[in-house]
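Reviewing the structure listed below.
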């Protein structure tokens, strides 16, 4: 179900022609092969309840060859993905997310990159090049540091 929504959303975002039959298919959305380019993202640890966090995407492609770099995310209280266009320099894209603007107890997100020649890449992906959104739960900072303190004794 999630892959169906992601595929439909990506097709809509990049204004590719979509027919009614395509929407109802249960096929996954296959991206261009990520072996062509490198996309790097390391999820931050931990994500605290009510505190902003930063997400970073690094690519070997420079800005002049990229048409669009997007972060798509949703919290457990959001039905649909929210899209944020990322701006960066020399292949480094950062965004600070204030979770107070998007309430929830967890977040699910992924990145999409479109090149000027029309290829579409995503991160993270599995071996079959299908999107695998990152899912993170927000942690209570007091409980986290108390637990860490107990473990360090």
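Every number in this text was worked out from the coordinates using simple rules, so none of it is lab data. If you're wondering where the values come from, they're calculated on a predicted model, not measured in any experiment. Cβ sites come from the backbone with ideal geometry, for glycine too, and all protein chains shown count toward neighbours.
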Review point. Using the beta-carbon distance between residue 77 and residue 117 and R0 = 41 Å, what value does 1/(1 + (r/R0)^6) give for FRET efficiency, to the nearest 0.05?
Key: 0.60
Practice item. Sort the following peptides by mean Cβ neighbour count (other Cβ atoms within 10 Å, averaged over residues), highest first: 94-104, 120-130. Key: 120-130, 94-104
Point to revise | Span from the the range 81-138 Cα centroid across to the the range 39-59 one, whole angstrom | key: 10 Å
Check your understanding: Could you state the principal axis extents of the C-alpha atoms in the range 33-152, from the largest down, to the nearest angstrom?
Key -> 51, 33, 30
Exercise for review: Would you calculate the separation in nanometres between label points at residue 40 and residue 130, each defined as 7 Å from the Cα along the Cα-to-beta-carbon direction?
Suggested key: 2.8 nm
Point to revise | residue 64-residue 152 pseudo-label distance in nm [points 7 Å out on the Cα-to-Cβ vector] | key: 4.8 nm
